[in-house]
Structures are given as structure tokens and as C-alpha cells.
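Visitor: Here it is: the structure, laid out below.
Throughout, read-outs are computed from the coordinates displayed, never taken from laboratory work. Just so it is clear, the model here is predicted, and its values are computed rather than measured. Cβ placement follows ideal geometry from the backbone for every residue including glycine, while neighbour counts extend to all protein chains displayed.
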Amino acid sequence: MAAADLNTIRSTIEARLATELAGSPVVPVVFHNMPYEPTPNSSWVQCQVSFGDNDYLTQGGTSDSDNLIVGIMVMNIFTPRGVGPGSNYVIGKRVRDLYNRVNVSGVYFDAPSGPEALASPAPEGYFQTQVRVTFESIEEL
Amino acid sequence: MAFYRGEEGSVKFDDAGSSNSAITSTRSWSLTLDKEVLETTVMGDTYGGNVGGIITGSGSVEVIYTASSSDETAAFIDHINTPTDSGSASFELFLDTSGDKKISFDGVVTSADLSATVGEIEIITVNFVTNGTITTAI
């Protein structure tokens, strides 16, 4: 066994979303540290994967032992303002269903939170909701 | 002065009592050693007297369930289901990763608590008592 490759975990999570939103109807998706200039009155998704507090799982030294890697993915869903929430929640259901209690390549996703409407969209000019999913992965040293 | 942390510990076990192997995925272990006290106070004494008696031990090992079958983990978890237990199962509880500091004894598994809770890793707690000599190499 070896230390976890955080980029592998990140790409596993992001690839699942990119594949889903590349299907019909296509919704542009942008990830951490990527430039994106949204088209006004369009729909798009911003996905941010972050790793948080990790923990010991089992006894042992630097080998034959396990750690728990914990993270969260935050998906901001932007849809045109002033036309109601329907189209936003359609996208919200797509991304929520994608991670709801699934295990993808050893990444365990918890029950999603949201889509939660945000009072102050960022950037402005959109109706924004947020879906948050915590995830866990076991590092086998 | 050396200090040790819990993650340096480990457990080895053999249900046949001959060749111990590691139990994988142990989260923790604990052991309590007790010594009976025999009172030797007699009439006329001003102060009470005591001497040590029988020494026994009991404890537990907490294991993450991994369905492992290639080592002693499965045998350890399943040892509670041994109908005729002679108490010859061998335990070694290690305090450090070098393998030098350990407490070893034969014992009987007295109970196993299995649990599954949503959102949490499945944990099995195995409780035991010692049988016979307890060797402390600490």
C-alpha cells in the first residue's frame, strides 16, 4: 500500500461531475483555480473540492496502517435570475443524484446537503444555489 | 525519556496458540491487570496487613471490520464462536512498533460487540480475559 494520491481522489470526484454535465442538456462546469467568464443569463456550475481534517483509523506505524481522509465538495449552481428556481433545481437534482451515498473508486460520499438558495449570489446577476457533499477516503499505508 | 502514542500499538493473536500473526485494522486495545488481595491482619495487630494473591487480566481490542481472511483477524473476531474453548489462544499486545515492548498471555474471548452505524466505519470490539501466566516485557 502507499500514501493516498490526493489528485487521484480529486480527479475521481471531478471527472464524475464533468461527465454528467457534458451530457444533454450540457451545462458548463468550472473547477478550482480555473478561469471562467460566464455568459450572462446562462446556466453553469462551479465545483470546489477541498480536503479537510484527517484522522487516524488504525494502529500501526508508517506502514500496515490506515488513515481517514475527509473532504467536501461544494457545487455552486448558477441559473438566470428572475425566472424562478425550476431550472436551477433540475441541475441540482442531477448533481445531487450523482453523489448521493455512492462509493466511487473507494471515495465514499455522504448524503448531500442542498440545493440551498443563496441570498447573495457571487458573481451577481444569477440565481445561485449550493449543493454540498462531504466525502471520505481510506488511506492504506 | 521516550514517549509513545497509541498509533504505535498493535495486536497479534493465534487461536491455536502457537504462531501469532498480526490482527489488521486494530483501532485500540486495553488491558487491566488485577491482583487479589489477601488480608493477613491478626488479632493484636495495630495495622492491617495484606499480601498479593492471584493475578488476572481482562481487556478489549477494537477492530475495524475489513472482511480480512488472510491473517488472524477473522479468527480473532470469530473466536467468540468457539464452543469448546480451552483458553489456549495466544495474545500479544504491543506498546510500540519495534515489537520489543509487549504483554503476552493466553486467554479466552468472552464477548464480541459488532455494530454498524450509518455514516460510520463498522467496528467490532472483542473482549477477553487472561488464562494463566501474563508476561510483561515493557
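Visitor: Where does helix A:86-99 land angle-wise versus the long Cα axis of chain A, in degrees 0 to 90, nearest 10?
Guide: Rounded to the nearest ten degrees, it is 10.
Visitor: Between A:THR19 and B:TYR47, how many nm apart are label points set 7 Å from Cα along the C-beta direction?
Guide: Label at A:THR19, label at B:TYR47, 7.8 nm between them.
Visitor: With each pseudo-label sitting 7 Å past Cα toward Cβ, what's the B:THR32-A:GLN130 distance in nm, one decimal?
Guide: 4.7 nm
Visitor: What relative contact order, as a whole-number percentage, does region B:89-136 give when Cα pairs under 8 Å and 6 or more residues apart are counted? Before the final figure, lay out the partial values.
Guide: Working: 79 pairs, mean separation 17.4, N = 48.
Across region B:89-136, relative contact order equals 36 percent.
Visitor: Answer with one residue from A:GLY60, A:GLY92, A:SER24: the one whose Cα lies farthest towards the positive end of the charge dipole of region A:6-140, charges on Cβ with Lys, Arg +1 and Asp, Glu -1.
Guide: Result: A:SER24, furthest along the dipole toward the positive end.
Visitor: Residue farthest toward the positive end of the dipole of chain B, with Cβ of Lys/Arg at +1 and Asp/Glu at -1: which of B:THR46, B:THR97, B:THR125?
Guide: B:THR46
Visitor: Let me ask something else. Take B:LEU114, A:LEU141 and order them by how many other Cβ atoms sit within 10 Å, fewest up front. The partial results should precede the final answer.
Guide: Details: B:LEU114 13, A:LEU141 16.
Ordered by Cβ neighbours within 10 Å, fewest first: B:LEU114, A:LEU141.
Visitor: Right, here's the next one. Count charges around B:ILE124 for me, please; just the other residues with Cβ under 11 Å from its Cβ, Lys/Arg as +1, Asp/Glu as -1. Walk me through the intermediate numbers first.
Guide: Numbers: positive: B:ARG27; negative: B:GLU62, B:ASP78, B:ASP113, B:GLU122.
Overall, the nearby charge balance is -3.
Visitor: Here is a further query. Counting only DSSP beta bridges with both residues in region A:6-140, what percent are antiparallel, rounded to the nearest 5?
Guide: On the way: 33 of 36 bridges.
Roughly 90 percent of the beta bridges in region A:6-140 run antiparallel, per DSSP.
Visitor: Cα axis of helix A:6-22 to longest principal axis of chain A: angle in degrees, 0 to 90, nearest 10?
Guide: Tilt of helix A:6-22: around 30 degrees.
Visitor: Mind ranking B:42-48, A:85-91, A:32-38, B:131-137 by how tightly packed they are, going by the mean number of other C-beta atoms within 10 angstrom, highest first?
Guide: On the way: B:42-48: 6.1, A:85-91: 16.1, A:32-38: 9.0, B:131-137: 12.9.
With the highest mean Cβ count within 10 Å placed first, the list reads A:85-91, B:131-137, A:32-38, B:42-48.
Visitor: Hey, another quick one. As an exercise, identify the chymotrypsin sites (Phe, Trp or Tyr not before Pro) in region B:55-138 lying in DSSP coil whose Cβ has no more than 16 other Cβ atoms within 10 Å. Write out the running numbers ahead of the final one.
Guide: Numbers: sites: B:TYR65, B:PHE76, B:PHE91, B:PHE94, B:PHE105, B:PHE128; in loops: B:TYR65.
Of the chymotrypsin sites (Phe, Trp or Tyr not before Pro), the ones in loops of region B:55-138 whose Cβ has at most 16 other Cβ atoms within 10 Å are B:TYR65.
Visitor: Averaged over its residues, how many other protein chain Cβ atoms are within 10 Å of peptide B:19-27's Cβ atoms?
Guide: Values: counts 0, 0, 0, 2, 2, 6, 9, 4, 5.
Averaged over the peptide's residues, the number is 3.
Visitor: For the pair A:TYR36/A:VAL90, report the inter-label distance in nm, with labels modelled 7 Å from Cα in the Cβ direction.
Guide: Reported label-point gap for A:TYR36 and A:VAL90 is 1.9 nm.
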